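Novice: Take this structure, written in structure tokens, and hold onto it; I'll ask about it next.
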Amino acid sequence: MIKLLSITPNYMEILQTAAGQCYQKNCPAGVIEHIIEAGHLSVLEHCSATFELDCSISVLLQITRHRHLSFTVQSSRGSELTSFYHTNNNALNVSLNEQMHNYSKLLASGGMSFEEAAYMLPKAAKYKLVVTGNFRAWFEYLPKRLCHRAQQEHQDIAAGIKTILAAEAPEIFNRNFMSCDHCSEWGCNFHV
């Protein structure tokens, strides 16, 4: 689940005003594209977007490495986690379902706190969270997590975020963030 909660409504006006500060003159919309192409992304920091989403613990550990994003995450100390990320591997899904069932059963017995029981959660257990990032943070996040080397669940989340951002702020996000030609990942063996 990926849901846009908010986005800066007059983002182009704000970006043009910010860009104009450098030379104390009005900037047309085309200047923003030039700034992006030149890699001067600091102007993008004046606008932001906030999403509600859910993801596995595995992806939560990855997405929180993007320190320019801000997170508020469901507490495993104060709430029961009730679902998990379903993989394409049936045997693994059966095992994950059993682990989640045992976790719920343990909580239902009343002999253990949420905090203690959380130790037995699989990394596929899903957490709900709210994540906010300025446009620069999203601009830098997307190519890393749309990459074919990223975990499939995380690729799917990044693709959902990109689709929403491209629809809401097309001048900034309606572009190809995946370009293996310009990738600096020296250890990559993926070829289009």
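Each reported figure results from applying straightforward, stated rules to the coordinates on display, with no laboratory input. No experiment lies behind these values; they were computed from the predicted model shown. Counting neighbours? That spans all protein chains shown, and the Cβs are built from the backbone with ideal geometry, glycine included.
Novice: Distance cut-off 26 Å, Cα to Cα: go down the list LYS3/LYS25; LYS3/LYS126; LYS3/LYS105 and report the pairs above it.
Specialist: Listed pairs above 26 Å: LYS3/LYS25; LYS3/LYS105.
Novice: Next up: Round to the nearest 10 and give me the degree value, 0 to 90, for the angle of helix 90-108's Cα axis relative to the longest principal axis of the chain.
Specialist: Approximately 70 degrees, to the nearest 10.
Novice: Residues with beta-carbon under 13 Å from that of CYS47, excluding CYS47: net charge, scoring Lys, Arg +1 and Asp, Glu -1? Intermediate results must be reported in sequence, preceding the final value.
Specialist: Numbers: positive: ARG136; negative: GLU13, GLU45, GLU168, GLU171.
So the surrounding residues net to -3.
Novice: Here's something else I'd like to know. If contacts are Cα pairs under 8 angstrom and at least 6 residues apart, what is the relative contact order of the chain in percent?
Specialist: Across the chain, relative contact order equals 25 percent.
Novice: Quick one: what does P(r) look like for segment 49-105 with 10 Å bins over all Cα pairs, in whole %?
Specialist: All Cα pairs, binned at 10 Å, distribute as 18, 45, 29, 8 percent.
Novice: Sticking with this one: Nearest 10 degrees, 0 to 90: what angle lies between the long axis of helix 29-38 and the longest principal axis of the chain (Cα atoms)?
Specialist: For helix 29-38, the angle is close to 70 degrees.
Novice: I want to verify the translational diffusion coefficient of segment 1-93 in µm²/s; compute it with Stokes-Einstein, Rh as the Kirkwood radius over Cα pairs, at 25 °C and 0.890 mPa s. Provide the component values of the computation, followed by the final result.
Specialist: Working: Rh = 16.8 Å.
Reported coefficient: 146 µm²/s.
Novice: Anyone know which of ILE164, ILE35, ILE63 comes out most mobile in the 10 Å Cα GNM of the chain?
Specialist: So, out of ILE164, ILE35, ILE63, the one fluctuating most is ILE35.
Novice: By what distance, in whole Å, do the Cα atoms of segment 7-54 stretch along each of the three principal axes, largest value first?
Specialist: Ordered largest first, segment 7-54 gives principal extents of 42, 20, 15 Å.
Novice: While we're on this one: Given the rule -39500 (n - 2.57) for each run of at least 4 DSSP H residues, summed and divided by the residues of the chain, what is its mean residue ellipticity at 222 nm, to the nearest 500 deg cm²/dmol?
Specialist: Roughly -13000 deg cm²/dmol at 222 nm, from the helical runs in the chain.
Novice: May I ask you to give the average projected area over all directions of the convex hull of the Cα atoms of the chain, in nm² rounded to one decimal?
Specialist: The directionally averaged projection comes out at 13.0 nm².
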